[in-house]
Amino acid sequence: MNSEDKNKIIKQIKKTSSSFNQKSKELAIILAAGHGKRIKSQRSKMLHNIWGVPTVERVNNACASAVKGINSIIVVGIKATDVLNVLGKREYTTYAYQEEQNGTGHAVQVALKNVRSFPKDGIVYVLPGDMGLIDADTLKKLRKSFVESEADMIVLTGIFKGDPKDNSYGRIIRVKASDPADMFSQQDDGKVIEILEQKDILALPEGKLYFANYKGRNYVFTKSELIKNNEYNSGVFAFKYDKLRELIDKLKSENVQKEIYLTDLISLFNEKNYSVAAVSPERDYVVMGFNNKSVLKEMEEIARTNVYTKLKDIIEIEDPDDFFIHENVVEDILKLDKKHTVLDITIGRGVYIGKDVKLNLNLTFGKNVFVDGKVVFGKNVTVSQNVHLSCYPGQTLKIGNDVQILWGDIVKGNIVIGDGSRIESSVNITGSDEFPLRIGKNVIIKGTSYIFGSKIADNLFIEHSILVKKKVRAMKNKKGKIQPVRYFVPESEGEKTIQKL
């Protein structure tokens with residue numbers, strides 16, 4: 001990277017970062033500098049979505065939900081500009097630039113350069129940016145365990161349940177019940193000695209024993225024993241700030257990868273006789289990270305299952321494996337459920353409901369309905385299959401009570417549809433900021449109609465018409481009935497450009 005590009009990134013980081021919360025004694029460092037070569041994508045690994053939200057944003061959100069007012073440092077590197085553009089300016093969040101990806105320990109070193117003053121008794125959490133299933137409950141448990149243990153450092157560990165050969169995570173090496181001299185470890189039994197990376201385990205000579213020292217006593221492990229060890233490092237840690245600050249710059253790159261591992265802090269903490277604790281989450285999947293598309297897909301499926309489990313007895317979801325309801329909407333549904341005995345919301349197969357959508361009682365969405373933007377539903381609304389409803393940021397699409405929107409309709413933009421109206425199949429209606437579309441009550445629109453930026457009175461019948469920036473009044477004919485609008489086609493434009501073949 002040339003100096004001009006670097007300066008642009010640093011300038012953008014300064015612009016996007018916000019001030020720390022001086023009242024908080026807790027800080028989350030989120031590692032989002034890697035690109036992820038094995039994901040085989042031009043997009044930053046950290047910006048791949050899990051249930052509609054970039055994975056690094058999910059990690060940041062989990063921290064903010066777990067600890068009120070927490071400060072965050074997001075370490076960016078490869079594709080830094082992309083990450084900054086997506087995440088943007090956030091409360092109590094600053095960014096640090098890791099120009100050269102030289103390991104997790106190096107990333108934390110870079111992050112801490114941004115911290116000029118912080119309480120000595122503060123807590124620092126470190127989390128990988130690809131851990132998109134981590135949740136606030138898990139982090140609350142980690143925090144509680146750390147505080148109650150009175151440890152100086154804690155690591156969140158996972159239990160690998162597959163073939164040990166497929167376990168690419170660093171192994172948690174613990175004190176055995178006794179040493180090679182058959183001396184019992186007593187109170188040290190089970191204490192964390194170190195984390196040994198898989199690549200370093202595989203690099204060990206066959207048949208050679210591995211010695212791990214804890215408080216002056218050696219514990220012996222075979223290579224096979226290390227490989228089969230299924231307790232692994234999730235990459236999530238918590239530290240007492242003063243201890244972390246004291247030892248972080250003592251990390252060295254004495255390993256196969258020639259990288260500065262954050263995990264080497266365990267040995268440094270033990271050498272100083274600082275206490276190291278470990279805790280496992282209640283649900284194994286929360287510590288999943290991904291390096292390839294198949295694992296990312298697996299994480300997406302877990303997220304979908306979690307949403308379905310929350311909603312399956314509240315609303316009807318036709319296909320548990322084929323739907324999307326943003327978590328913001330899920331929370332709204334749970335609140336609605338507390339207020340009302342029955343919701344009567346039906347979600348067809350392939351339905352997509354975006355984060356700003358506001359649902360209501362007695363709604364039916366047919367197959368493959370797409371709803372995104374600030375779309376506000378009244379009660380008793382039916383949306384048939386393959387309908388598209390959306391609007392741009394800052395706009396509202398408001399659908400009244402007892403409205404029907406039928407097969408294949410496209411409804412986009414700044415629009416109000418009045419109570420009791422019916423938009424029949426193959427209709428396209430749009431409204432802009434300058435020309436909003438207003439449809440009155442009990443209006444029927446059918447046929448291959450297109451309507452843009454118009455004002456349509458109550459009780460009208462419109463069929464096979466094109467209405468662009470028109471005001472349509474309700475006028476009665478000789479029989480005293482409201483005059484329908486049929487086959488209205490405006491004058492053509494650019495007629496001279498068209499010739500017969």
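Every read-out reported here was derived from the displayed coordinates using simple, explicitly stated rules and does not represent laboratory data. Since the structure is predicted, the reported quantities are computational estimates derived from the model, not experimental observations. Glycine also receives a Cβ, built like all others from the backbone with ideal geometry; neighbour counts cover every protein chain displayed.
For the stretch 312-497, what's the relative contact order in percent, using C-alpha pairs closer than 8 Å and at least 6 residues apart?
Value for the stretch 312-497: 11 percent.
Using the 2.2 N^0.38 Å rule of thumb for compact globular proteins, work out how the stretch 312-497 stacks up: its C-alpha Rg over that value, please.
Ratio of Cα Rg to 2.2 N^0.38 Å: 1.09.
Could you work out the Rg to Rh ratio of the stretch 172-323, with Rh taken as the Kirkwood radius (inverse of the mean 1/r over all Cα pairs)?
Result for the stretch 172-323 is an Rg/Rh of 1.08.
ARG38: net charge of surrounding residues, Cβ under 13 Å, Lys/Arg +1, Asp/Glu -1, itself excluded?
Taking every other residue near ARG38 into account, the sum is +3.
Which ³J(HN,Hα) values in Hz, rounded to whole numbers, follow from the phi angles of the stretch 178-183 under the Karplus curve 6.51 cos²θ - 1.76 cosθ + 1.60, where θ = phi - 60° and Gly and Pro get x?
8, 8, x, 8, 6, 8
Subtract the Cα-Cα distance of GLU148 and ALA181 from 0.36 nm times their separation in residues, and report this length gain in nm to one decimal.
8.5 nm
In the stretch 98-138, if every C-alpha pair distance is counted and binned at 5 Å from zero, what percent goes to each bin?
Spelled out per bin, shortest first, that is 5, 15, 24, 21, 18, 15, 2.
Computed on alpha carbon atoms, what radius of gyration and Dmax characterise the stretch 101-253, expressed in Å?
In Å, with Rg to one decimal and Dmax whole: 16.9, 49.
For q values of 0.07, 0.12 Å⁻¹, compute log₁₀ I(q)/I(0) with the Debye formula on a Cα-only model of the chain, without solvent.
-0.53, -1.09
Convex hull over the Cα atoms of the stretch 387-433, averaged projected area in nm²?
2.9 nm²
Just need the relative contact order of the chain here, percent rounded to a whole number, with Cα pairs under 8 Å and 6+ apart.
Relative contact order, the chain: 9 percent.
Can you give the translational diffusion coefficient of the stretch 266-354 in µm²/s, computed by Stokes-Einstein from the Kirkwood radius over Cα pairs at 25 °C and 0.890 mPa s?
My calculation gives 153 µm²/s for D.
Calculate how steeply helix 293-311 sits against the longest principal axis of the alpha-carbon atoms of the chain, using the helix alpha-carbon long axis, and give the answer as 0 to 90 degrees to the nearest 10.
60 degrees
May I ask for the net charge around GLY103, where only other residues with Cβ less than 15 Å from the Cβ of GLY103 are counted and Lys, Arg are +1 while Asp, Glu are -1?
Local charge sum for GLY103: -4.
Counting DSSP beta bridges with both partners in the chain, what percentage is antiparallel, nearest 5?
Here the antiparallel bridges make up roughly 25 percent for the chain.
Just in the stretch 1-110: which GluC sites (Glu not before Pro) are loop by DSSP and have at most 13 other Cβ atoms within 10 Å?
Sites meeting the loop and neighbour criteria: GLU91, GLU100.
I'd like the distance between the alpha-carbon centres of the stretch 187-253 and the stretch 471-501, rounded to an integer number of Å.
Using only Cα atoms to place each centre, the spacing works out to 79 Å.
Place the peptides 444-456, 12-24, 294-306 in order of packing, highest mean first, counting for every residue the other Cβ atoms within 10 Å and averaging per peptide.
Output ranking for 444-456, 12-24, 294-306: 444-456, 294-306, 12-24.
What's the angle, to the nearest 10 degrees (0 to 90), between helix 3-16's Cα axis and the longest principal axis of the chain?
70 degrees
Hey, what's the per residue convex hull volume over the C-alpha atoms of the stretch 1-60, in cubic angstrom?
Considering the Cα atoms of the stretch 1-60, their hull volume per residue is 130 Å³.
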